[in-house]
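Here the structure is laid out as structure tokens; the discussion comes afterwards.
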Amino acid sequence: MKVAGLIFDFDGVLIESEFAGNRHLAELLTRLGYPTTLEQSMARFMGLSGADFVAAVERWIGRPLPSDFSVARAAEDARIMAEGIDPVMGAVEFVRHLPPALPRAIASSSSTRWINRHLGHIGLSAAFGAHVYSGKEHVVRGKPAPDLYLHAAAAIGVPIERCAIIEDSAVGATGAVASGAYVIGLCAGSHCADGHDAVLRAIGVDAIAHDFAEVARLLA
């Protein structure tokens, strides 16, 4: 298959936010009386947003979210928005060396405000322009439904079957596979522990890449 369009997840693919975010979430839940390890947080919550994220946390703790949970999460988000987050190794160089005419988009569970802030921080705002799509804002059903990927493909004018999607999370990979695109499971971020590639393979991704050099080879 010759790829005619490229769709990126964001957190854990382009920026190193998954490890820090899930570490904070695990520490917060534990502090509130619901012991949670980093590994449990990543397994249960990574890739979710909005109502799906809230529902997953509430299932885990067995009750509605306490008010101090939201306050603490908002404070952490504000801190990270102010400081910025570093890119995944090799991500910036990979994007900057894409053919200028290759259509590309971001399809993320995060808000466009979050994505655009951190795209600016790593110097990639111009690489995606207006093609930044959020599962919270652009579709009714976010990941793991395939809707956001289908929306992004339509927006860049490329049939989903001619697109490649780069995903790191089980939730995201599930939706990406269901979309009908060629899916690369990326295990380059610091949050990807041993065995994460096997998790993505079991979901049905077409290929695994452990760094962006492997992504480039797969797409060559």
Show the residue pairs meeting these rules: Cβ distance below 7 Å; 6+ apart or different chains; first residue within the stretch 55-72 and farther than 12 Å from Y34 by Cα and touching a residue at least 60 places away in the same chain (Cβ under 8 Å); second residue of a type in the set (D, E, K, R) and exposed (fewer than 10 other Cβ atoms within 10 Å of the Cβ). none
Within the stretch 137-172, can you find the residues that are more than 13 Å from the chain's Cα centre (by Cα), more than 25 Å from R96 (Cβ to Cβ) and among the charged types (D, E, K, R)? E137, R141, D147, E161
Please indicate, with yes or no, whether at least one residue in the stretch 99-112 is modelled with pLDDT under 90 and either in a strand (DSSP E or B) or over 16 Å from the mean Cα position of the chain (by Cα) (or both). no
Tally, over the stretch 152-178, of residues that are among the hydroxyl-bearing types (S, T, Y) and surrounded by 24 or more Cβ atoms within 10 Å (Cβ to Cβ): 1
Please work out which one of (1) surrounded by fewer than 13 Cβ atoms within 10 Å (Cβ to Cβ); (2) in the same structural domain as A55 (by TED's automatic domain parsing); (3) among the hydrophobic types (A, V, I, L, M, F, W, C) is the condition A72 fails and give its number. (1)
With respect to L148, determine if the residue is buried (at least 16 other Cβ atoms within 10 Å of the Cβ), more than 16 Å from F212 (Cβ to Cβ) and either free of Cβ contacts under 8 Å to residues at least 40 places away in the same chain or touching a strand residue (DSSP E or B) at 6+ places or on another chain (Cβ under 7 Å) (or both). yes
Residue among I160, I184 that is closer than 24 Å to I85 by Cα and in contact with a helix residue (DSSP H, G or I) (Cβ under 8 Å, 6 or more places away or on another chain): I184
Residue satisfying all of: in the stretch 1-14; more than 13 Å from S109 (Cβ to Cβ) and in contact with a strand residue (DSSP E or B) (Cβ under 9 Å, 6 or more places away or on another chain); surrounded by the fewest Cβ atoms within 10 Å (Cβ to Cβ) among these: M1
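The values are calculated or read from the model by the stated rules, or taken from the named source; none is laboratory data. This is a predicted model, so every value here is computed, not measured. As a convention, Cβ positions derive from the backbone with ideal geometry for all residues, glycine included, and neighbour counts pool all protein chains shown.
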